[in-house]
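First the structure, which I've put down as structure tokens, then a few questions once you've had a look.
The values are calculated or read from the model by the stated rules, or taken from the named source; none is laboratory data. Just so you know, these numbers come straight off a predicted model, no measurement behind them. For neighbour counting, all protein chains shown are included, and Cβ atoms are generated from backbone atoms with ideal geometry for every residue, glycine included.
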Amino acid sequence: MNRDRAGNSIMNIFRDFAERLKSAVELIAEQSGIRDVDTARVVVEPPRDPSHGDLACNAAMVLAKPLGLKPRDLATRIAAVLAEDPDVDSVEVAGPGFINLRVRSGYWHKALKSLIGAGETFGRSTMGVGDAVNVEYVSANPTGPMHIGHCRGAVVGDVMANLMVAAGFDVTREYYINDAGSQVDVLARSAYLRYREALGEDIGAIPEGLYPGDYLRPVGEALAREHGDILLAMPEEEWMPVVRVTTVDMMMAMIREDLALLNIVHEIFFSERTLTAGDPSAVEAAIDQLTRDGLVYEGRLPPPKGQLPDDWEDREQLLFRSTEFGDDVDRPLRKSDGSPTYFASDIAYHYDKLRRGFRHLIDVWGADHGGYVKRMQAAIRAISGGAAHFEVKLVQIVRLLSGGEPVKMSKRSGDFITLRELVDRVGPDPIRFMMVFRKNDAQLDFDFEKVTEQSKDNPVFYVQYAHARTCSVFRQAAEELPGLDLSIGALERARLESLDDVGEMALIRRLLEYPRMIEAAAEAQEPHRVAYFLHELASEFHAHWNRGKELPQLRFINHADSHSTLARLALVHATKLVLSSGLAILGVSAPEEMR
């Protein structure tokens with residue numbers, strides 16, 4: 001929400017000045033006899049070098065041609081209009097036509113007042129205009145408990161969903177249950193072995209190729225309680241469906257419990273097995289749609305480069321014209337036995353999302369699926385007629401360390417560290433924060449010792465400690481100045497113009513970047529930007545706190561001057577609001593004190 005220069009509610013300073021710049025351009029265009037200038041590409045952002053000013057704009061660079069002017073000439077004319085703005089201190093034209101602005105301190109103080117008045121809604125955006133977005137993440141095979149390999153994708157997906165909500169999108173969180181592949185049959189055979197064990201049989205060592213973890217023992221015991229020994233007399237084709245259903249259900253219950261430890265909850269759990277049910281099935285419906293659109297044909301594929309895989313077949317088969325939509329080769333839709341390929345099932349699954357009304361799809365996948373991205377992008381462009389926006393976020397692996405040394409594997413799971421073990425050791429907050437403290441496609445080292453130490457070198461502690469400090473300031477103020485009104489109304493009425501120290505102004509500027517950062521992070525689908533921003537804000541706040549130790553006149557509480565105290569407490573409250581809001585997007589707690 002931006003208001004005019006007299007109305008004074010400023011929620012996003014960059015959007016506010018973008019509107020002012022557009023008005024200046026429209027005025028210049030009108031003077032030149034030009035109407036309907038497209039200003040959509042005009043961007044106002046912080047300059048790369050803070051010494052250049054408070055705001056930078058590309059208006060002259062992107063609009064010079066349609067206005068028939070040289071970029072620098074247009075920039076000079078825009079600068080002349082902006083120089084008359086009472087909130088602008090100075091305007092400078094740089095290089096071929098960039099515009100740099102310095103804003104008067106009074107504008108920053110008005111914006112800070114708006115921040116305080118907005119409270120918890122500050123930074124929330126209407127950019128998404130309520131558009132429906134489906135974020136699919138985790139989607140781990142239901143073959144065991146969640147482990148560290150799933151953890152980062154789970155957090156990245158969940159924070160991505162929170163971020164999109166903050167940017168004004170209508171988000172649905174979805175988990176795709178891979179319950180129709182051969183791995184699930186292997187899982188069922190492993191559970192059947194534990195079923196025999198639960199009935200008293202000595203099963204010996206778990207055969208190679210089956211799942212060895214102890215987590216399947218409760219499944220075997222449940223099967224024994226429900227069915228007694230009746231399954232022992234059945235051939236595999238009869239007991240397999242029974243065991244498979246029970247095993248998948250119990251594995252998914254365990255996975256939900258594991259995810260809940262990180263406060264991750266999905267609205268939809270979609271079963272792959274349902275795609276082949278019905279007549280016609282969802283897979284057949286998707287293939288029929290592609291056929292009607294003329295996008296499938298019977299043909300042969302050239303052999304893969306290099307050594308041929310064992311399952312390579314040179315045969316006529318049903319192919320999707322994937323290359324017409326940017327893929328490297330056309331893709332098979334049916335196996336030699338006529339059943340759909342995994343790719344066909346994936347097309348059907350995303351086709352189902354489209355039929356549910358989603359046109360904006362975000363999938364979070366492990367980095368080992370990178371080679372699959374092009375074909376899915378091609379398929380969704382084809383089956384949506386180009387109407388869907390599909391993004392895949394690849395998540396790189398996490399290396400677990402303790403004091404710099406690799407962590408040994410878990411005994412309970414057999415060959416990996418479970419998410420539950422990770423949470424038990426460090427708690428959910430360090431996990432959630434650190435999993436997005438690097439960009440999702442960069443490898444991440446997660447060191448148990450570093451993420452739990454209470455020092456400035458631990459990013460999550462550093463940010464949470466900043467929030468706790470803001471709370472401690474108010475506790476101290478209430479104790480030392482019991483007669484001082486600390487209500488939100490009083491903070492809004494504070495004499496904010498007294499905040500003129502370089503450290504105070506730097507903190508104000510940082511706080512007011514928050515709405516733009518949320519929108520930019522959501523547009524780029526980069527949740528790590530939120531963690532970075534919070535770390536930078538915490539650094540600014542701690543630095544200003546430390547300056548107060550050396551310069552008493554800068555301390556937040558001044559017993560001799562209630563007006564400056566209230567203004568500085570307003571700044572502390574604004575810092576608390578933004579830290580709390582950002583931590584909520586990350587799904588990390590905002591403690592009022594550190595213990």
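Could you grab me the full set of residues in region 175-216 that are without any contact (Cβ under 8 Å) to a residue 12 or more places away in the chain and in a helix (DSSP H, G or I)?
SER182
I would also like to ask the following. Return a yes/no flag: does region 394-416 have any residue that is in contact with a strand residue (DSSP E or B) (Cβ under 8 Å, 6 or more places away or on another chain), at pLDDT 95 or above and of a type in the set (A, V, I, L, M).
Yes, region 394-416 contains at least one residue that is in contact with a strand residue (DSSP E or B) (Cβ under 8 Å, 6 or more places away or on another chain), at pLDDT 95 or above and of a type in the set (A, V, I, L, M).
Is at least one residue of region 493-501 touching a residue at least 60 places away in the same chain (Cβ under 8 Å), part of a helix (DSSP H, G or I) and under 19 Å from ALA538 (Cα atoms)?
No - not one qualifying residue is present in region 493-501.
Now a separate question. Any residue in region 233-252 that is over 26 Å from VAL171 (Cβ atoms) and in a loop (DSSP other than H, G, I, E, B)?
yes
Next question. Got a sec? Which helices (runs of 4 or more DSSP H) wholly within region 32-145 have at least 1 residues that are under 35 Å from the mean Cα position of the chain (by Cα) and farther than 30 Å from PRO527 by Cα?
Passing ranges, in order: 59-67, 105-118.
Let me ask something additional. On the basis of being modelled with pLDDT under 90 and either of a type in the set (Asp, Glu) or closer than 16 Å to VAL91 by Cα (or both), does ASP36 make the cut?
Working: modelled with pLDDT under 90: yes; either of a type in the set (Asp, Glu) or closer than 16 Å to VAL91 by Cα (or both): yes.
Against the criterion (modelled with pLDDT under 90 and either of a type in the set (Asp, Glu) or closer than 16 Å to VAL91 by Cα (or both)), ASP36 qualifies.
Per-residue answers, yes or no, for (1) in contact (Cβ under 8 Å) with a residue 24 or more places away in the chain; (2) assigned to a helix (DSSP H, G or I); (3) more than 21 Å from THR126 (Cα to Cα):
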{"position": "HIS535", "(1), (2), (3)": "yes, yes, yes"}
{"position": "ALA538", "(1), (2), (3)": "yes, yes, yes"}
{"position": "HIS542", "(1), (2), (3)": "yes, yes, yes"}
{"position": "ILE557", "(1), (2), (3)": "yes, no, yes"}
{"position": "ALA560", "(1), (2), (3)": "no, no, yes"}
{"position": "SER564", "(1), (2), (3)": "yes, yes, yes"}
{"position": "THR575", "(1), (2), (3)": "yes, yes, yes"}
{"position": "GLU593", "(1), (2), (3)": "yes, no, yes"}
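Restricting the search to region 292-307, which residues are over 15 Å from ILE380 (Cα atoms) and among the charged types (D, E, K, R)?
Within region 292-307, ARG292, GLU298, ARG300, LYS305 meet the criteria.
Restricting attention to region 190-209, does a residue exist that is modelled with pLDDT of 95 or more, closer than 22 Å to ASP258 by Cα and surrounded by fewer than 15 Cβ atoms within 10 Å (Cβ to Cβ)?
Checked region 190-209: no residue is modelled with pLDDT of 95 or more, closer than 22 Å to ASP258 by Cα and surrounded by fewer than 15 Cβ atoms within 10 Å (Cβ to Cβ).
A quick yes/no check of all residues on (1) farther than 30 Å from GLN443 by Cα; (2) in contact with a helix residue (DSSP H, G or I) (Cβ under 9 Å, 6 or more places away or on another chain); (3) charged (D, E, K, R); (4) surrounded by fewer than 22 Cβ atoms within 10 Å (Cβ to Cβ):
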position	(1), (2), (3), (4)
CYS57	yes, yes, no, no
THR76	yes, yes, no, yes
GLY117	yes, yes, no, yes
SER125	yes, yes, no, yes
ASN134	no, yes, no, no
SER139	no, yes, no, no
ARG152	no, yes, yes, no
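Where residues in region 210-226 are at pLDDT 95 or above and of a type in the set (Asp, Glu), which of them is nearest to ALA191 (Cα to Cα)?
GLU221
To keep it simple, each residue is scored yes or no on (1) more than 17 Å from ARG375 (Cα to Cα); (2) surrounded by 12 or more Cβ atoms within 10 Å (Cβ to Cβ); (3) at pLDDT 95 or above; (4) of a type outside the set (D, E, K, R).
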| position | (1), (2), (3), (4) |
| --- | --- |
| PRO280 | yes, no, no, yes |
| GLY294 | yes, no, yes, yes |
| ASP311 | yes, no, no, no |
| LEU318 | no, yes, yes, yes |
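If I ask for residues that are within 28 Å of the chain's Cα centre (by Cα) and over 20 Å from LEU496 (Cα atoms), which ones from region 539-578 would you list?
SER539, HIS542
I'd like the full set of residues that are polar (S, T, N, Q) and in contact with an Asp or Glu (Cβ under 9 Å, 6 or more places away or on another chain), limited to region 333-348. Full working, then the answer.
First pass over region 333-348, keeping only residues polar (S, T, N, Q): 336, 339, 341, 345.
Matches in region 333-348: SER336, SER345.
Looking only at helices (runs of 4 or more DSSP H) that lie completely in region 393-487, which have at least 2 residues being loosely packed, with under 12 Cβ neighbours inside 10 Å? First the steps, then the outcome.
Working: elements: 419-426, 428-435, 448-452, 459-480.
Hits in region 393-487: 459-480.
Output the residue which, of all residues in region 163-182 that are of a type in the set (D, E, K, R) and modelled with pLDDT of 95 or more, is farthest from THR247 (Cα to Cα).
Within region 163-182, the subset of a type in the set (D, E, K, R) is 170, 173-174, 179.
Checking the rest, the ones that are also modelled with pLDDT of 95 or more come to 170, 173-174.
On the way: ASP170: 34, ARG173: 24, GLU174: 21 Å.
Per the criteria, the residue is ASP170.
Answer yes or no: is there a residue in region 322-335 that is touching a residue at least 40 places away in the same chain (Cβ under 8 Å), within 25 Å of VAL135 (Cβ to Cβ) and of a type in the set (A, V, I, L, M).
Looking for residues that are touching a residue at least 40 places away in the same chain (Cβ under 8 Å), within 25 Å of VAL135 (Cβ to Cβ) and of a type in the set (A, V, I, L, M), one finds none in region 322-335, hence no.
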